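As structure tokens, the structure follows; a few thoughts come after it.
The values are calculated or read from the model by the stated rules, or taken from the named source; none is laboratory data. This structure is a prediction, so every number in the text was calculated from the model and none was measured. Counting neighbours? That spans all protein chains shown, and the Cβs are built from the backbone with ideal geometry, glycine included. Ligands, DNA and RNA are excluded from the accessible area calculation, which covers all protein heavy atoms including side chains. Shrake-Rupley method; radii C 1.70, N 1.55, O 1.52, S 1.80 Å.
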Amino acid sequence: MARDLHKRVRGRTVVDVSVGKPDVLRGATPRKLKRVLVGRRIERVWRRAKLAVIDFDSGARVAVQPRFTGSFVVERSGRGADQYCTLHLTLDDGRRLHYRDVRRLGTFQLFTPKEFEAYVSKLGPEPLEPDFTGDWLHELLQNSVRPVKPLIMDQHRLAGVGNIYASEALWRSRVDPSRSAKRVTAKEAQLLRDSIVSVLTEAIKMRGTTIRDYAEGEFAKKLDAYGRAGEPCRRCGAKIALTHAIDGRASYFCPKCQR
Ligand SMILES: [Zn+2]
């Protein structure tokens, strides 16, 4: 999402801001957002944890947390916007960049550089950076009696692993999502680390082609566990199970080959 947007809007200057549904805003009123962003050039769009971050030449930053249905739509020749586009930035080339969110659970947050640093300093390491190793993950797991799934999804411990990717990585590494983190061996921790990295890398690659409906990106077709309750496990043939008992979220797993 961030990569797509970077290619489309880098170097463009914001000439107008309009907010249709202010409930997605954090850290600013519609008026303040307009005052801070109009006349500013977009320098970079990048990802940190589950945020798409837009850097402006003034140092101001917008962090968008899309959650379930948030996405960006870059309007071409007046088409592409609909009633779910809740916030609009008009660019100096005449195109409009919309933040679109059907369920409006996502957020569009304005930061100063200092506020942004304070915010991200509370996030754990990035799984796609070199310091995320099997040993590091094993150490983290050893020090907790929580179930392994909510632990790897804890943004203060490890950034950017959401519910779908946690389920997929645990399936790939044959670890039951409800298992006590302490009981994950060093070998399994290495396998789990590799699975998290491969799942995220594949998902990023497959989503790079579409700008709308990120939750339904190409990677959805490749899921082995998530959303497949009652369907046969692609590894052993047992029926994939669904539970909400681990962390209140939907957890999909194979009761036979995940231990
Ligand atoms: Zn299985």
Practice item. Kindly indicate whether any position in the range 105-126 is open to solvent by less than 50 Å² (accessible area, probe 1.4 Å), of a type in the set (A, V, I, L, M) and more than 30 Å from G27 (Cα to Cα). Key: no
Point to revise | Candidate set: the range 155-182, residues that are more than 18 Å from A245 (Cβ to Cβ) and among the charged types (D, E, K, R); chosen: the one surrounded by the fewest Cβ atoms within 10 Å (Cβ to Cβ) | key: K182
Exercise for review: Take the range 87-129 and flag every residue that is under 25 Å from A203 (Cβ atoms) and hydroxyl-bearing (S, T, Y).
Suggested key: Y99, T107, Y119
Check your understanding: For the range 127-138, what are the residues that are surrounded by fewer than 20 Cβ atoms within 10 Å (Cβ to Cβ) and within 17 Å of W46 (Cβ to Cβ)?
Key -> L128, E129
Check your understanding: Are any of the residues in the range 18-29 part of a helix (DSSP H, G or I) and over 29 Å from N163 (Cβ atoms)?
Key -> no
Check your understanding: Among the residues of the range 249-259, which ones are open to solvent by less than 60 Å² (accessible area, probe 1.4 Å) and within 15 Å of the ligand (Cβ to nearest atom)?
Key -> S251, Y252, F253, C254, C257, Q258
Practice item. Would you point out which residue out of L223, L242 is in contact with a helix residue (DSSP H, G or I) (Cβ under 8 Å, 6 or more places away or on another chain) and among the hydrophobic types (A, V, I, L, M, F, W, C)? Key: L223
Practice item. Would you check which residues across the range 144-171 are basic (K, R) and out of contact with any Asp or Glu (no Cβ under 7 Å at 6 or more places or on another chain) and list them? Key: R146, R157
Exercise for review: Please state which of the following conditions S195 fails to meet, knowing it meets all the rest: (1) at pLDDT 95 or above; (2) of a type in the set (S, T, Y); (3) part of a loop (DSSP other than H, G, I, E, B).
Suggested key: (3)
Revision key, fill the gap. Checked the range 31-74 for anything farther than 14 Å from G106 by Cα, open to solvent by 40 Å² or more (accessible area, probe 1.4 Å) and in contact with a helix residue (DSSP H, G or I) (Cβ under 8 Å, 6 or more places away or on another chain); matches are R44, W46, R47, R48, S58, R61
Review point. Is at least one residue of the range 226-245 closer than 30 Å to R100 by Cβ, modelled with pLDDT under 95 and not small (G, A, S)?
Key: yes
Practice item. Inspect all residues belonging to the range 139-148 and state whether any of them is at negative phi, modelled with pLDDT under 90, open to solvent by 10 Å² or more (accessible area, probe 1.4 Å) and in a helix (DSSP H, G or I). Key: no
Review point. If you take the residues of the range 227-248 that are aliphatic (A, V, I, L, M) and closer than 15 Å to P150 by Cα, which of them is farthest from the ligand (Cβ to nearest atom)?
Key: A245
Exercise for review: Given the conditions (1) at pLDDT below 95; (2) in a loop (DSSP other than H, G, I, E, B); (3) of a type in the set (K, R); (4) surrounded by fewer than 15 Cβ atoms within 10 Å (Cβ to Cβ), report the number of the one that K205 does not fulfil.
Suggested key: (2)
